[in-house]
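*Asks:* This structure is in structure tokens; I'll ask about it shortly.
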Amino acid sequence: MTKKAQMQITETIAVLFIFFILVAFGIIFYYRYQQSALIEEQQELRAARAMDTTLKVLFLPELMCTKGTFEYEDNCIDLPKLRALQTAEYFKNNEPYYYQLFSTSKITIHTLYPDPSPNPSSIVLYENKVGDLTNYEPTPFIVALRDVDATGNYFYHFGYLEVGVYS
């Protein structure tokens with residue numbers, strides 16, 4: 001009778017051992033799944049924040065192209081306004097306000113066409129990197145860049161707005 005009881009105890013211990021191994025594998029699998037899901041969610045939130053910041057930049061009255069009235073041109077950045085703001089270091093002087101809008105990000109405007117070789121091909125509009133943030137997610141957006149010549153006529157460049165978000 002004792003041999004039969006010992007066999008049943010041994011079988012029970014073996015079944016429990018296998019059960020706990022399967023539970024451990026399940027926990028490890030669930031942990032890995034949650035870890036990858038969390039990384040993916042962080043990337044989605046970073047991309048959403050970059051798009052939100054891009055929209056804020058595109059609709060800044062300080063940069064938008066106007067048609068002489070209060071009517072704005074879509075996806076257009078006025079280069080004379082941009083140069084005046086950059087010369088006056090407007091964004092640095094009003095950093096608390098723009099930090100609320102753009103947080104930790106870098107906003108750069110690049111000229112693509114016509115050939116930007118005589119002029120700088122990119123202008124850093126805003127950059128704020130706090131601490132040792134390592135992840136940087138750049139998001140490009142195609143824009144028209146309007147400039148004015150000496151006679152007062154407007155002409156356009158093609159470029160893109162690059163909004164990079166630090167996290």
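The values are calculated or read from the model by the stated rules, or taken from the named source; none is laboratory data. The shown structure was predicted, so the numbers you read here are calculated from the model rather than taken from an experiment. Note that we place each Cβ from the backbone using ideal geometry, even for glycine, and neighbour counts take in every protein chain shown. Side chains are part of the model used for accessible areas, which takes the heavy atoms of the whole protein and leaves out ligands, DNA and RNA. Shrake-Rupley method; radii C 1.70, N 1.55, O 1.52, S 1.80 Å.
*Asks:* Residue by residue through the range 136-167, note down the ones that are surrounded by fewer than 17 Cβ atoms within 10 Å (Cβ to Cβ) and of a type in the set (A, V, I, L, M, F, W, C).
*Replies:* F141, I142, A144, V148, A150, F155, F158
*Asks:* If you check I28, I13, which single one turns out to be out of contact with any Phe, Trp or Tyr (no Cβ under 8 Å at 6 or more places or on another chain), open to solvent by less than 100 Å² (accessible area, probe 1.4 Å), farther than 16 Å from V143 by Cα and part of a helix (DSSP H, G or I)?
*Replies:* From the options I28, I13, the qualifying one is I28.
*Asks:* So which of T111, T104, T139 is touching a helix residue (DSSP H, G or I) at 6+ places or on another chain (Cβ under 8 Å) and either at pLDDT 85 or above or over 21 Å from R49 (Cα atoms) (or both)?
*Replies:* None of the others qualify; the one that does is T139.
*Asks:* Shifting gears a bit: Could you say whether any residue in the range 86-93 is modelled with pLDDT under 85, aromatic (F, W, Y) and not in a helix (DSSP H, G or I)?
*Replies:* No.
*Asks:* Can I ask one more? Which ones in the range 34-48 are among the aliphatic types (A, V, I, L, M), open to solvent by less than 90 Å² (accessible area, probe 1.4 Å) and under 17 Å from the mean Cα position of the chain (by Cα)?
*Replies:* Matches in the range 34-48: I39, A47, A48.
*Asks:* Which condition does Y113 not pass, out of (1) surrounded by 14 or more Cβ atoms within 10 Å (Cβ to Cβ); (2) under 18 Å from E162 (Cα atoms), if it passes all the others?
*Replies:* (1)
*Asks:* Same structure, new question: Could you tell me which numbered condition L133 fails, if it satisfies all but one of (1) surrounded by 15 or more Cβ atoms within 10 Å (Cβ to Cβ); (2) part of a loop (DSSP other than H, G, I, E, B)?
*Replies:* Failed condition: (1).
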